[in-house]
Amino acid sequence: MLAIAIVAEVCATTAIKQSNGFTRMPWISIAVIGYGIALYLFSLTLRTIPTGTAYAIWSGVGIVLISVAAWIFYDQKLDAATFIGMGLIIAGVIVINAFSNASAH
């Protein structure tokens, strides 16, 4: 459920870029619906995953996916420092998932 929430948030954020400052209605609708889905699903994940852990995964994976989407769809340049930073974010998400006992209730 968290993965779907992250994808919905990435789609909504990408739609905001296309909305041209919230002036293009179809993209505004996609953004609002996407964020609604994302927040609803994220709230459901908080039933079983601690807030800090869920948010760390949400934000870390979201940053990487939004950066990749901007690179693919908007030709945004990603330099070596960006890739190193995203690698560290991914490593952090892996460490949280593999080694953290925070999700044990």
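Please state the shape class of the chain: rounded when a/c is under 1.5, otherwise prolate if a/b exceeds b/c and oblate if not, all from the C-alpha gyration tensor.
Oblate, because a/c is 1.5 or more while a/b does not exceed b/c.
Modelled label-to-label distance, Ser100 and Lys17, 7 Å Cα→beta-carbon offset: nm?
My value for the distance between the label points is 2.7 nm.
Any read-out appearing in this document is the output of simple, stated calculations on the displayed coordinates, not a laboratory observation. All values derive from a computational prediction rather than experimental measurement. FYI the Cβ positions are ideal-geometry reconstructions off the backbone, even for glycines, and counts take in every protein chain you see.
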